[in-house]
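All remarks here apply to the structure that follows.
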Amino acid sequence: MVRREFEGEIHAVGNDALALALREIQYEERFVTLRLALHNPSEAPTLIERTGLLLAYGELELPPSSTVGPALPPSFSLAPGDTQELWIAYVTGDRMLHAGTLVVRAVRQGEAYTLPLQLAIPPAPVVHLDGAR
């Protein structure tokens, strides 16, 4: 496993209903696991649907395959001002050698859906035979 952590808000996007930050990536041979911080900056509850957390990689949009820790329900709500940290795994089939995009589509406040968020996910670092990166 190769692990990469991100300091501060370097890899982050947001809108009025949701701020999303990438905290860590764990690269495995056939999958990638993302540690995400989701924050509701608004004054209304934000509902996030699991099926809308997709990893666009190559020509595919991959759904979450599992979560580390408590199971991610089909949908969950963030109260105003709340932050939730999630670990979400995606099966890529091979080592993630090219950049991907986390696409967050199913976010709503009340009955209104927000515009999708897109967060760049960097490829796995190249590991040389001598162990250097």
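Details
- Residues of segment 83-111 that turn out to be closer than 15 Å to Tyr57 by Cα and basic (Lys, Arg), as a count: 1
- Of residues in segment 18-42 being at pLDDT 95 or above and part of a loop (DSSP other than H, G, I, E, B), the one nearest to His98 (Cα to Cα): Leu18
- Gly110 vs. criteria at pLDDT 95 or above and either farther than 30 Å from Val126 by Cα or surrounded by 14 or more Cβ atoms within 10 Å (Cβ to Cβ) (or both): no
- Within segment 96-110, considering residues that are assigned to a loop (DSSP other than H, G, I, E, B) and under 17 Å from the mean Cα position of the chain (by Cα), the one farthest from Val32 (Cα to Cα): Ala106
- Of all positions in segment 47-65, none carries a residue that is in a strand (DSSP E or B), basic (Lys, Arg) and surrounded by 14 or more Cβ atoms within 10 Å (Cβ to Cβ).
The values are calculated or read from the model by the stated rules, or taken from the named source; none is laboratory data. Values in this document were obtained by computation on a predicted structure and should not be read as measured data. Counting neighbours? That spans all protein chains shown, and the Cβs are built from the backbone with ideal geometry, glycine included.
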